[in-house]
Amino acid sequence: MAPWTGSSTPKKAARNSEILFIPRRRDMSRAATASKMQFASAGAAGAGDDDLAAAFEAHNTEVLTALQRFEAENNRLRAENERMGNRVIPAAARQGRNGGMVSETASGGQRRAAVTAEERAERRERHEAALASFMRSGDPDDLVVERAANSVDSDPAGGYLAPMDVNFTIMQMQRDVSPMRRLARVVPTSADAYAHPVSKGGTEAGWVAEKDERPETDGPELGLLTIPSNELYAQPAATQKLIDDARSNIAVWLESEISTTFAEKEGAAYISGNGVGKPLGLLSLPIVAERDSVRDWGKFEYVPTGASGAFPAAQADPLVDLVFRLKAGYRRNARWLMNSTTAATIAKFKDENGNLIWRQSLDSGTPSTLLGYPVEFDENMPDIGADSLSVAFGDFQRGYIITDRMDVRLLRDPYTKKGFVLFYATKRVGGSPDDTQAIKFLKFSAF
């Protein structure tokens with residue numbers, strides 16, 4: 001028998017989400033050591049075959065007993081692991097999850113088990129069925145499909161957390177509808193407000209010779225960007241007859257209604273929200289003509305077209321100026337943002353050689369490009385008009401932050417409107433501009 005190596009402490013190894021109990025040398029081979037001593041003693045005394053057989057039999061019995069003891073311990077640990085995996089995860093711990101399975105261990109850590117596409121589809125079907133059952137009965141226990149992936153915690157505002165896969169689908173549909181959710185940096189948070197330190201500049205430096213004095217320089221001016229979590233709600237209604245007759249599609253209907261409503265409301269706030277009970281939009285900060293080197297922190301910069309409410313005769317020139325007004329570090333991940341009406345105007349522009357500066361994509365999943373940079377469409381951006389800020393260009397990952405406070409909560413209300421069932425859905429979300437040097441605007445003005 002090959003000797004075991006390591007210390008005398010039993011070792012636990014995770015494999016395929018199970019806990020394996022691996023015996024060490026002093027535990028596993030104690031019986032073997034005793035048997036070897038007996039064998040040596042018998043050999044020295046000229047023992048016969050019967051003595052050797054008896055020694056080996058004793059050794060095998062002790063090894064078998066040890067293995068049975070280890071197997072029992074392994075089963076106990078596996079049962080404990082499964083019990084801990086069935087704990088309900090609080091709502092705050094579910095932030096930023098995707099469709100993977102999540103459970104919480106005794107130490108508070110979390111493990112994600114890889115799942116196949118078939119398993120994911122099967123789990124999503126179960127979650128949709130759970131949501132459909134809740135829509136018919138109003139019983140929060142119907143929402144619990146897998147304890148490791150669901151919570152029926154309620155809050156003072158009322159409501160229950162949607163099944164995790166349903167919540168993930170709603171968030172994904174919002175991302176598909178809302179351009180800013182695709183472009184901006186999205187930060188899950190468990191706090192009522194997200195605090196983000198920012199540097200307002202002001203760091204000084206200087207040149208010195210070898211023996212020159214080195215006077216103290218000014219340090220950076222630091223600020224704190226605080227983004228509150230605002231409550232967003234939707235309240236789609238369905239007839240009681242529809243709920244009674246429909247099967248799995250009733251859950252898909254609710255997902256679509258909630259995600260579309262949320263995306264439309266959020267998208268408008270990310271562009272023009274005033275920050276009072278809603279996110280602070282891009283266009284709500286001061287937007288001035290001053291360059292980065294002299295502009296105060298917290299203000300965006302615009303480039304004028306040179307004509308009020310229109311492009312100049314050299315139509316592409318302001319767009320080129322806008323691209324190169326953005327610092328090179330931000331241009332690596334830059335995007336255009338405009339509505340479809342503005343895009344229809346710009347898509348006709350040509351360069352001095354008569355070539356279109358717009359490159360239309362033939363693939364729905366690939367954005368068109370303007371001057372080599374991808375274009376995103378947001379219908380919340382203003383149309384071209386006098387002094388309008390209809391085109392934005394920059395790195396939106398660095399220029400805007402979206403915060404998600406918690407998952408979607410649902411409250412079923414069959415009483416307010418007879419014959420209908422209202423589904424009151426809420427979520428907490430915030431948004432604010434961040435680095436104001438990362439995004440520039442095109443202003444349709446003479447100067």
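The values are calculated or read from the model by the stated rules, or taken from the named source; none is laboratory data. Values in this document were obtained by computation on a predicted structure and should not be read as measured data. Because the Cβ atoms are built from the backbone with ideal geometry, glycine has one as well, and the counts that use them run over all protein chains shown. The area values use the complete protein model at the heavy-atom level, side chains included, leaving out ligands, DNA and RNA. Shrake-Rupley method; radii C 1.70, N 1.55, O 1.52, S 1.80 Å.
Restricting region 153-189 to residues that are in a loop (DSSP other than H, G, I, E, B) and surrounded by fewer than 15 Cβ atoms within 10 Å (Cβ to Cβ), the residue that is modelled with the lowest pLDDT is PRO156. What single numbered condition from (1) farther than 20 Å from LYS265 by Cα; (2) free of Cβ contacts under 8 Å to residues at least 60 places away in the same chain fails to hold for SER388? The number of the failed condition is (2).
Only one entry of ALA392, ALA446 meets the criterion of being over 23 Å from the mean Cα position of the chain (by Cα), among the small types (Gly, Ala, Ser) and crowded, with 22+ Cβ neighbours inside 10 Å, and that entry is ALA392. Scoring LEU337 on the criteria (1) open to solvent by less than 30 Å² (accessible area, probe 1.4 Å); (2) out of contact with any helix residue (DSSP H, G or I) (no Cβ under 8 Å at 6 or more places or on another chain); (3) hydrophobic (A, V, I, L, M, F, W, C) leaves a single failure, condition (2). Within region 433-441, can one find any residue that is over 30 Å from LEU225 (Cα atoms), touching a helix residue (DSSP H, G or I) at 6+ places or on another chain (Cβ under 8 Å) and open to solvent by 40 Å² or more (accessible area, probe 1.4 Å)? Scanning region 433-441 turns up no residue that is over 30 Å from LEU225 (Cα atoms), touching a helix residue (DSSP H, G or I) at 6+ places or on another chain (Cβ under 8 Å) and open to solvent by 40 Å² or more (accessible area, probe 1.4 Å). Against the test of being more than 22 Å from ALA343 (Cα to Cα) and modelled with pLDDT of 95 or more, the options GLY419, GLY431 yield a single qualifying residue, GLY431.
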